[in-house]
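Comments concern the structure below.
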Amino acid sequence: MPRPTRNQPGYRAFVLHRVSGLLLALFLPAHFWVLALVLRGEAALDGFLHWAEHPLLEAAETVLVMLLAAHLAGGVRVLLIELTPWRAGYDTLIAVTGGVTLAVGLVFALGVL
Amino acid sequence: MWIAQRASAVVLALAVVVHLGTIICAVQGGLSAAEIVDRLRGHAGWLVFYLVFVIAAAVHAPLGLRNVLREWTPLGPGAVTAAAAALAVALLLLGARAVFAMFHAAT
Amino acid sequence: MSQPTISVSVWRGAEEGRFVRYEVPLNENQTVLDTVTWIQRYADPSLSYRFACRVGMCGSCAMSVNGTPRWTCRTHVKKVLADGALEVAPLANLKVIKDLAVDMTAFFDKMAKARGVFRPGPKPPRDFAVVPPQSPQRRAADAGIECIGCGVCHAACDLVSWNKDYLGPAALNRAWTLINDVRDGAHAERLRAVSGDAGCHACHTQQGCVQHCPKNLNPTASIAGLKRAAALAALNAEL
């Protein structure tokens, strides 16, 4: 049976927004847990940070930062569409969110590598 | 609930912009626990900021999860609400713990 | 020289069924509706399908062509042919009666549920209502008023397929035009009808509706307007 066609930017924007949100929601508890390592003393947190200096982990961190930027940009797009009367340029908002995500990811990656 | 989701989204949008800026600055030249702790030491402003951040996330993420579960899984409304509530509690508890851990170490 | 043919796979059956392939002669100017008509006339008279005006005004011929909901009378075969083949199926998200004809009852039920009907105020008006055409409300209503209820947006919407109760872009668009009708007397009731999990709040701005509407309407914008109106009303404790 036919499915609604999925080949449009609005759908991709939605999927990116949803998947990034899900992954971030999964990641947050772990993030909080790591931060709380400092309860055992600064050395415990430093130990983790040192372990995380491996290039693979820094790549993963870059991905996480991009997920956050993507979810933020997509969310701002939704907020704009929903809370303000429609304007002609809104269709290009999706492209803007993509650009913002990549830019933030790049800046972070340059800093951490 | 829609209002809560959008309101928490606005709060998070602002908080995340600050957080991303902080992250990018902090990772310049390497990251260390001492650097993080020093920045927060004695700054009640950061404490309030991060608490608000945690609460907003604990509202926003579970509501989002609720939508995803309702639309993409065959789970019933009771199970969906339970899952969302569980996430909310987890984020609140772990988040508050992390915030206080940071500030306990800082002061 | 024999006429070239194309291979058209058509859904036969109801909810259960299968795609049957027909070889249809390819002409210079041919719409998908033309091919379906040819099949019914010359290949298999038992094929069921709907059409009326065949000139892109009534929306009756809406079907799924290669997975995309569109008006078959306004779809040139040459534009959608893929390797000399195309696939025609009934409109998505509605019950299939037979072959390419779907049951539009659910679609119109949703219009009713969204209170997509003009309701006059409690008393007859004393005089003609004065509605400046350039007023923001009238412009908002006019932007969505051309909907003819063809069901394409409903078929294109993922939320309609994920949320059985979701009223859908057409019904919500219609409700928005009525909320912006200053003569209407049922605003509060209509806002109540379109709020909630089955109403405007289920929309995730994927804009499938905008992409596919043959009349270039923007239900996403209408639904966004409903979200704003509902939120304001809730904050003012009017809901």
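The values are calculated or read from the model by the stated rules, or taken from the named source; none is laboratory data. Quantities reported herein were computed from a predicted structural model and do not represent experimental measurements. Positions of Cβ are generated from backbone atoms using ideal geometry, with glycine treated the same way; all protein chains shown enter the neighbour counts.
Evaluate the following for C:V210: is it β-branched (V, I, T) and at the interface with chain A (Cβ under 9 Å from one of its Cβ atoms)?
yes
Evaluate region C:153-161: report whether one residue or more is on the phi < 0 side of the Ramachandran plot, within 18 Å of the chain's Cα centre (by Cα), within 8 Å of another protein chain (Cβ to nearest Cβ) and of a type in the set (D, E, K, R).
Looking for residues that are on the phi < 0 side of the Ramachandran plot, within 18 Å of the chain's Cα centre (by Cα), within 8 Å of another protein chain (Cβ to nearest Cβ) and of a type in the set (D, E, K, R), one finds at least one in region C:153-161, hence yes.
Would you confirm, using the coordinates I've provided, whether C:G168 is at pLDDT below 90, surrounded by 20 or more Cβ atoms within 10 Å (Cβ to Cβ), closer than 30 Å to A:P9 by Cβ and touching a helix residue (DSSP H, G or I) at 6+ places or on another chain (Cβ under 6 Å)?
no
Yes/no matrix, rows are residues, columns are (1) farther than 23 Å from A:A52 by Cβ; (2) in a helix (DSSP H, G or I); (3) touching a Leu at 6+ places or on another chain (Cβ under 8 Å); (4) more than 11 Å from every other protein chain (Cβ to nearest Cβ):
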{"residue": "B:Q5", "(1), (2), (3), (4)": "yes, yes, yes, no"}
{"residue": "B:S8", "(1), (2), (3), (4)": "yes, yes, yes, no"}
{"residue": "B:V16", "(1), (2), (3), (4)": "no, yes, yes, no"}
{"residue": "B:C25", "(1), (2), (3), (4)": "no, yes, no, no"}
{"residue": "B:D38", "(1), (2), (3), (4)": "no, yes, no, no"}
{"residue": "B:V52", "(1), (2), (3), (4)": "yes, yes, no, yes"}
{"residue": "B:I55", "(1), (2), (3), (4)": "yes, yes, yes, yes"}
{"residue": "B:A58", "(1), (2), (3), (4)": "yes, yes, yes, no"}
{"residue": "B:T81", "(1), (2), (3), (4)": "yes, yes, no, yes"}
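Quick one: which residue in C:T31, C:T72 is on the phi < 0 side of the Ramachandran plot and touching a Leu at 6+ places or on another chain (Cβ under 6 Å)?
Within the list C:T31, C:T72, the selection yields C:T72.
Which of the residues belonging to region C:73-104 are more than 13 Å from chain A (Cβ to nearest Cβ), part of a helix (DSSP H, G or I) and touching a residue at least 40 places away in the same chain (Cβ under 8 Å)?
Scanning region C:73-104 gives C:C73, C:R74, C:V77, C:K78.
Can you find even one residue in region C:4-13 that is outside any strand (DSSP E or B), more than 14 Å from chain A (Cβ to nearest Cβ), surrounded by fewer than 16 Cβ atoms within 10 Å (Cβ to Cβ) and in contact (Cβ under 8 Å) with a residue 12 or more places away in the chain?
Scanning region C:4-13 turns up at least one residue that is outside any strand (DSSP E or B), more than 14 Å from chain A (Cβ to nearest Cβ), surrounded by fewer than 16 Cβ atoms within 10 Å (Cβ to Cβ) and in contact (Cβ under 8 Å) with a residue 12 or more places away in the chain.
Please specify each residue of region C:122-159 satisfying the condition of being in contact (Cβ under 8 Å) with a residue 60 or more places away in the chain and out of contact with any Cys (no Cβ under 9 Å at 6 or more places or on another chain).
Of everything in region C:122-159, those that are in contact (Cβ under 8 Å) with a residue 60 or more places away in the chain and out of contact with any Cys (no Cβ under 9 Å at 6 or more places or on another chain) turn out to be C:P122, C:A140, C:A143, C:G144, C:E146, C:G149, C:G151, C:A155.
Among the residues of region C:213-239, write down those that are part of a helix (DSSP H, G or I), among the hydrophobic types (A, V, I, L, M, F, W, C) and either more than 11 Å from every other protein chain (Cβ to nearest Cβ) or farther than 12 Å from C:G168 by Cα (or both).
C:A221, C:A224, C:L226, C:A229, C:A230, C:A231, C:L232, C:A233, C:A234, C:L235, listed by residue number.
Do the conditions hold for C:A129, that is, is it under 25 Å from C:G56 (Cα atoms) and either more than 18 Å from the chain's Cα centre (by Cα) or buried (at least 20 other Cβ atoms within 10 Å of the Cβ) (or both)?
no
Tell me which residues, restricted to region C:133-148, are crowded, with 20+ Cβ neighbours inside 10 Å and among the small types (G, A, S).
C:A140, C:A141, C:G144
Within the bounds of region C:39-58, is there any residue that is surrounded by fewer than 17 Cβ atoms within 10 Å (Cβ to Cβ), acidic (D, E), out of contact with any His (no Cβ under 9 Å at 6 or more places or on another chain) and at positive phi?
No, every residue in region C:39-58 fails to be surrounded by fewer than 17 Cβ atoms within 10 Å (Cβ to Cβ), acidic (D, E), out of contact with any His (no Cβ under 9 Å at 6 or more places or on another chain) and at positive phi.
Of these, A:A70, A:A25, which one is facing chain B (nearest Cβ under 8 Å), at pLDDT 75 or above, crowded, with 17+ Cβ neighbours inside 10 Å and at negative phi?
The unique qualifying residue is A:A25.
Return a yes/no flag: does region C:183-197 have any residue that is assigned to a loop (DSSP other than H, G, I, E, B), surrounded by 21 or more Cβ atoms within 10 Å (Cβ to Cβ) and modelled with pLDDT of 85 or more.
For region C:183-197, residues assigned to a loop (DSSP other than H, G, I, E, B), surrounded by 21 or more Cβ atoms within 10 Å (Cβ to Cβ) and modelled with pLDDT of 85 or more: absent.
Out of the residues in region A:75-104 meeting the condition of being modelled with pLDDT under 75 and small (G, A, S), tell me which one is surrounded by the fewest Cβ atoms within 10 Å (Cβ to Cβ).
Only one residue tops the list, namely A:A88.
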